[in-house]
Amino acid sequence: MVLEEILQSVSYVTDGGGRKTAVQIDFDLWQELLDLLALPAQALLPQGTPPHITLRFAGLIPLDDLERMSEAIEMGCEQVDSDEW
């Protein structure tokens, strides 16, 4: 079961203000989640593209573009948008 399916299968308990305070899930789903948590973390990760395939793209982006991208990332990091939630 993927995360989207899990999230669609839960019921939320809310307080008087409508804020989520707890989650209720079916017992079978709970057991499935416990089984997933017992797996080694590596087993839960998606398999990526092997390095020998992705290495062919190395050097295709000009260095000045990479530097600009790094600067943009640095400028955007650690900034909180309080309206995002």
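Going by the conditions given, is SER9 among the polar types (S, T, N, Q) and touching a helix residue (DSSP H, G or I) at 6+ places or on another chain (Cβ under 7 Å)? Steps first, please.
Values: among the polar types (S, T, N, Q): yes; touching a helix residue (DSSP H, G or I) at 6+ places or on another chain (Cβ under 7 Å): yes.
Yes.
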Note to self: So, in segment 57-85, how many residues would count as being outside any loop (DSSP other than H, G, I, E, B), at pLDDT 85 or above and not polar (S, T, N, Q)?
What the structure shows: 8
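Would you call SER70 surrounded by 10 or more Cβ atoms within 10 Å (Cβ to Cβ) and in contact with a helix residue (DSSP H, G or I) (Cβ under 9 Å, 6 or more places away or on another chain)? Steps first, please.
On the way: surrounded by 10 or more Cβ atoms within 10 Å (Cβ to Cβ): yes; in contact with a helix residue (DSSP H, G or I) (Cβ under 9 Å, 6 or more places away or on another chain): no.
Spelling it out, it is not the case that SER70 is surrounded by 10 or more Cβ atoms within 10 Å (Cβ to Cβ) and in contact with a helix residue (DSSP H, G or I) (Cβ under 9 Å, 6 or more places away or on another chain).
The values are calculated or read from the model by the stated rules, or taken from the named source; none is laboratory data. As the structure is a prediction and not an experimental result, all values here were calculated from the model. All Cβ positions, even for glycine, are placed from backbone atoms using ideal geometry, and neighbour counts span all protein chains on display.
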